[in-house]
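**Student:** First the structure, which I've put down as structure tokens, then a few questions once you've had a look.
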Amino acid sequence: MAALTTPQRPAARAVPAPARRPGLVDVTGSEFIKIRSVRSTYFTLIAFILAGIGFSVLFAAGQVSHWGNSQSGIGFNATTPTLIGVVMLGELIIVVLGALTITSEYGTGMISTSLTVMPRRVVLLAAKAIVFTAVMLAVSLPTSFAAYFAGQAIFATKHASTTLSDPNVLRAVLLAGLVVPLFGLLALGLGAIIRHTAGAITSLLGLIFLLPLLAQALPNSWYQAIARWLPGGEALHPIITTGQSGQAYSSYLFGAWGEFAVIAGWAAAALILGGWLLYRRDA
Amino acid sequence: MIEARGLTKRYGDKVAVDDLSFSIKPGRVTGFLGPNGAGKTTTMRMILGLDRPSAGTVTVNGKPFAGLYSPMREVGALLDAKAMHGGRSAYSHLHCLARTNGIPRRRVDEVIGLVGLEEVRKKRAKGFSLGMGQRLGIAAALLGDPEILMFDEPVNGLDPEGIRWIRTLMRSLAAEGRTVFVSSHLMSEMEHTADHLVVIGRGKLIAEAAVTDFIAGSTLSCVQVRTPQRDELELAVIAAGGTVQPGGDGELEIRGLDVAQVGEIAHHHGVLLHLLAPARASLEEAFMELTADSVEFHATTHATTEA
């Protein structure tokens with residue numbers, strides 16, 4: 001240990017007065033330092049990129065080899081399979097990062113320190129959501145496009161590839177990259193509500209996987225009435241399909257942007273409830 | 001300046017903090033004493049706005065904590081040295097905290113130097129010893145160069161060198177005119193560090209007094225005298241307003257007068273003294289005496305002495 005010094009009070013204050021009252025901008029800066037200074041961020045983001053692109057490449061390569069030399073894939077919907085990895089595997093990974101953004105603070109006790117330096121709690125949660133969204137968009141949108149192009153490059157050998165200018169393809173690629181951060185935000189909101197990593201992730205998986213499954217056990221008319229409002233299951237179909245070449249989705253669902261808005265609504269509701277509880281409860 | 005008025009925290013029907021009122025003033029180290037579970041941490045958390053009081057108020061520089069303009073510049077707190085993300089380096093931990101209040105990066109390096117963690121600044125906090133973690137927590141508290149510092153059990157688990165370092169640090173912070181509020185259940189430690197005491201038991205205020213008054217108020221503090229002229233001295237002492245009790249070894253224990261007064265009385269009355277010595281209760285003894293009372297009589301004895 002280095003030699004210890006006893007602090008002497010300097011004539012002038014050691015810390016200059018703030019230019020303004022510390023607020024959202026400062027806390028957002030702080031949250032950005034937090035998210036990039038722990039390894040788990042990099043691990044989860046790399047896992048997400050690998051899963052998104054890897055699934056697309058593997059699926060495309062498998063499909064192409066399945067067709068063999070004689071056949072070609074004309075008429076095949078080549079867009080959706082290249083996005084399934086980004087959305088379905090990706091959401092599994094990204095919800096962990098989203099939940100950890102706040103639950104790791106409860107797990108370590110850091111939350112007390114964070115709220116002592118920034119007692120306006122809703123500002124803290126807002127900063128977390130902003131930073132998480134920004135980091136996710138910077139990763140998930142390029143990943144979505146990379147997964148799409150990597151898959152199409154392989155499908156192109158069988159003249160089955162699509163291009164972004166084909167109907168609704170750009171929308172599907174874009175929405176795939178946009179919807180993944182929404183699941184992360186939903187996890188962040190649940191994390192603020194449940195304050196425990198495993199609990200938040202488990203309840204999130206229940207919400208996006210189990211709930212749609214259970215809903216299917218309902219009488220058909222009931223299921224058709226609620227399916228469009230669920231944050232998973234069939235409701236994802238409009239988002240990652242192009243609606244072309246036999247890829248039409250069930251008519252009782254909203255369209256692509258509609259279902260995207262439903263998931264955004266779930267994320268917003270979780271964040272608002274989480275923010276309210278953060279404000280109300282003892283830390 | 002920290003001021004609590006009627007501060008109360010209930011969890012269900014369990015009262016953790018019960019109608020506490022005190023003021024923590026600048027320029028001195030105020031020790032916050034009480035047995036484990038007395039409500040010290042809960043009180044500190046309410047001061048910091050982490051827990052909401054069930055009743056009463058507590059203000060920091062006249063404002064509720066959440067109303068502070070730049071919290072880190074006004075209050076630095078160390079509640080739990082382990083309350084940080086172990087995967088983050090010491091530097092990043094301090095940097096992310098500093099950033100919330102717009103504190104420049106050079107101050108992060110400064111406080112790392114102040115607590116002597118330069119060599120491990122880029123190391124992840126996970127691998128830190130208890131003492132290093134405590135230093136990092138103190139560095140965080142010092143970041144904003146605050147006027148008020150709060151430490152919850154800062155010497156827990158530290159080696160003697162670490163304890164001495166923290167003691168020196170707290171003394172010098174108070175000497176600089178800052179408010180230092182430190183909780184502990186280690187009486188001997190507080191006796192060396194604190195000027196003033198807030199003593200609680202079962203969430204209730206037992207005493208708020210200067211350390212010297214607190215100890216002097218103990219029945220264990222007295223003047224011990226040995227004299228062949230016991231009766232003469234006893235009468236003279238009682239006449240002067242003191243009380244006399246026989247002690248062990250044929251000594252007399254005089255209370256209500258100090259050593260100088262007893263010496264003068266003896267001299268004045270021509271009483272021969274073989275022994276004249278102050279017997280000072282330790283803080284621990286004074287504390288045990290008071291808390292035993294509080295347990296015995298519950299709320300009926302509020303031995304509150306104002307300094």
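The values are calculated or read from the model by the stated rules, or taken from the named source; none is laboratory data. Everything quoted here is computed from the prediction, not taken from an experiment. Cβ: placed from backbone, ideal geometry, glycine included. Neighbour counts: every protein chain shown.
**Student:** List the number of the failed condition for B:Asn61; all other conditions in (1) modelled with pLDDT under 95; (2) within 7 Å of chain A (Cβ to nearest Cβ) hold.
**Tutor:** The single condition B:Asn61 does not satisfy is (2).
**Student:** Of all residues in region A:78-110 being in contact with a Lys or Arg (Cβ under 8 Å, 6 or more places away or on another chain) and at pLDDT 95 or above, which is surrounded by the fewest Cβ atoms within 10 Å (Cβ to Cβ)?
**Tutor:** Taking the candidates together, the pick is A:Tyr106.
**Student:** Another one. Of the numbered conditions (1) within 28 Å of A:Ala14 (Cα to Cα); (2) within 13 Å of another protein chain (Cβ to nearest Cβ); (3) in contact (Cβ under 8 Å) with a residue 24 or more places away in the chain, B:Pro154 satisfies every one except a single condition; which is it?
**Tutor:** (2)
**Student:** Still on this model: Give region B:85-131 a look and list any residue that's out of contact with any Ser or Thr (no Cβ under 8 Å at 6 or more places or on another chain) and more than 21 Å from A:Val117 (Cα to Cα), or say none.
**Tutor:** B:Leu117, B:Glu118, B:Glu119, B:Val120, B:Lys126, B:Gly127, B:Phe128, B:Ser129, B:Leu130, B:Gly131
**Student:** OK, next. Would a scan of region A:59-77 turn up a residue that is touching a residue at least 12 places away in the same chain (Cβ under 8 Å), part of a loop (DSSP other than H, G, I, E, B) and of a type in the set (Val, Ile, Thr)?
**Tutor:** We begin by selecting, within region A:59-77, every residue touching a residue at least 12 places away in the same chain (Cβ under 8 Å); these are A:59-61, A:63-64, A:67, A:71-77.
Subsequent filtering for residues that are part of a loop (DSSP other than H, G, I, E, B) retains A:71-77.
Next, only the ones that are of a type in the set (Val, Ile, Thr) stay: A:74.
Scanning region A:59-77, I find at least one residue that is touching a residue at least 12 places away in the same chain (Cβ under 8 Å), part of a loop (DSSP other than H, G, I, E, B) and of a type in the set (Val, Ile, Thr), so the answer is yes.
**Student:** Starting from region B:267-279, take each residue that is of a type in the set (Val, Ile, Thr) and list its partners that are surrounded by 13 or more Cβ atoms within 10 Å (Cβ to Cβ), counting only C-beta distances under 8 angstrom and pairs at least six apart or across chains.
**Tutor:** That search, which allows pairs on different chains as well, returns B:Val271/B:Thr227; B:Val271/B:Gln229; B:Val271/B:Glu232; B:Val271/B:Leu233; B:Val271/B:Ala236; B:Val271/B:Ile265.
**Student:** Please determine whether any residue of region B:82-93 is surrounded by fewer than 21 Cβ atoms within 10 Å (Cβ to Cβ), at pLDDT 95 or above and under 21 Å from the mean Cα position of the chain (by Cα).
**Tutor:** no
**Student:** Now for a separate question. Confirm whether B:Pro64 is crowded, with 17+ Cβ neighbours inside 10 Å and closer than 26 Å to B:Ala194 by Cα.
**Tutor:** Values: crowded, with 17+ Cβ neighbours inside 10 Å: no; closer than 26 Å to B:Ala194 by Cα: yes.
No.
**Student:** In region B:94-108, what residues are more than 7 Å from every other protein chain (Cβ to nearest Cβ) and buried (at least 22 other Cβ atoms within 10 Å of the Cβ)?
**Tutor:** Scanning region B:94-108 gives B:Leu94, B:Ala98, B:Val108.
**Student:** Do you know which residues across region A:216-258 are in a helix (DSSP H, G or I), buried (at least 18 other Cβ atoms within 10 Å of the Cβ) and hydrophobic (A, V, I, L, M, F, W, C)?
**Tutor:** A:Ala227, A:Ala235, A:Leu236, A:Ile239, A:Ile240, A:Ala256, listed by residue number.
**Student:** Anything in region B:198-244 that is closer than 19 Å to B:His269 by Cβ and not hydrophobic (A, V, I, L, M, F, W, C)? List them, or say none.
**Tutor:** Taking region B:198-244 as the starting set, the residues that turn out to be closer than 19 Å to B:His269 by Cβ are B:223-244.
Passing the criteria: B:Gln224, B:Arg226, B:Thr227, B:Pro228, B:Gln229, B:Arg230, B:Asp231, B:Glu232, B:Glu234, B:Gly241, B:Gly242, B:Thr243.
**Student:** While we're looking at this one, here's another question. Going by what's in this entry, would A:Leu45 be described as surrounded by fewer than 18 Cβ atoms within 10 Å (Cβ to Cβ), hydrophobic (A, V, I, L, M, F, W, C) and closer than 14 Å to A:Gly177 by Cβ?
**Tutor:** Numbers: surrounded by fewer than 18 Cβ atoms within 10 Å (Cβ to Cβ): no; hydrophobic (A, V, I, L, M, F, W, C): yes; closer than 14 Å to A:Gly177 by Cβ: yes.
So A:Leu45 does not fit the description; no.
**Student:** Residues that are under 20 Å from A:Met110 (Cα atoms) and among the aliphatic types (A, V, I, L, M): find the strands (runs of 3 or more DSSP E) completely inside region B:67-186 holding 3 or more of those. Step through it out loud before you land on a result.
**Tutor:** Details: elements: B:75-78, B:148-152, B:179-184.
Output list reads B:75-78.
**Student:** Here is a follow-up. Any idea which of (1) more than 9 Å from every other protein chain (Cβ to nearest Cβ); (2) in contact (Cβ under 8 Å) with a residue 60 or more places away in the chain is the one B:Ala77 doesn't satisfy?
**Tutor:** So B:Ala77 meets the others, but not (1).
**Student:** For region A:161-174, how many residues are assigned to a helix (DSSP H, G or I) and buried (at least 24 other Cβ atoms within 10 Å of the Cβ)? Outline the logic, then answer.
**Tutor:** Keep residues of region A:161-174 that are assigned to a helix (DSSP H, G or I), which gives A:169-174.
Add one more test, that the residue is buried (at least 24 other Cβ atoms within 10 Å of the Cβ), and what stays is A:172-173.
Number of matching residues: 2.
**Student:** Taking the residues in region A:59-75 that are loosely packed, with under 14 Cβ neighbours inside 10 Å and over 24 Å from A:Gly243 (Cβ atoms) as candidates, determine which candidate is modelled with the highest pLDDT.
**Tutor:** A:Gly62
**Student:** Which residue, of B:Ile112, B:Ile148, is under 19 Å from B:Thr30 (Cα atoms), β-branched (Val, Ile, Thr) and touching a helix residue (DSSP H, G or I) at 6+ places or on another chain (Cβ under 9 Å)?
**Tutor:** B:Ile148
**Student:** Can you name every residue in region A:225-283 that is under 23 Å from A:Ser56 (Cα atoms) and small (Gly, Ala, Ser)?
**Tutor:** A:Gly232, A:Gly233, A:Ala235, A:Gly243, A:Ser245, A:Gly246, A:Ala248, A:Ala256
**Student:** Mind counting the residues in region A:16-38 that are among the hydroxyl-bearing types (Ser, Thr, Tyr) and either at the interface with another protein chain (Cβ under 7 Å from one of its Cβ atoms) or over 21 Å from B:His93 (Cβ atoms) (or both)?
**Tutor:** Summing the residues that are among the hydroxyl-bearing types (Ser, Thr, Tyr) and either at the interface with another protein chain (Cβ under 7 Å from one of its Cβ atoms) or over 21 Å from B:His93 (Cβ atoms) (or both) in region A:16-38 gives 2.
**Student:** Let me ask something else. Just need a number here: residues in region B:168-188 that are within 13 Å of chain A (Cβ to nearest Cβ) and surrounded by fewer than 19 Cβ atoms within 10 Å (Cβ to Cβ).
**Tutor:** At the first step, the residues of region B:168-188 found to be within 13 Å of chain A (Cβ to nearest Cβ) are B:168-178, B:180.
In the following step, the residues that additionally are surrounded by fewer than 19 Cβ atoms within 10 Å (Cβ to Cβ) were identified as B:168, B:171-172, B:175-177.
Within region B:168-188, residues that are within 13 Å of chain A (Cβ to nearest Cβ) and surrounded by fewer than 19 Cβ atoms within 10 Å (Cβ to Cβ) number 6.
**Student:** Hey, among B:Glu119, B:Glu74, which residue is more than 30 Å from B:Arg202 (Cβ to Cβ), among the charged types (D, E, K, R) and over 22 Å from the mean Cα position of the chain (by Cα)? Can you show your working first?
**Tutor:** On the way: B:Glu74 fails: over 22 Å from the mean Cα position of the chain (by Cα).
Within the list B:Glu119, B:Glu74, the selection yields B:Glu119.
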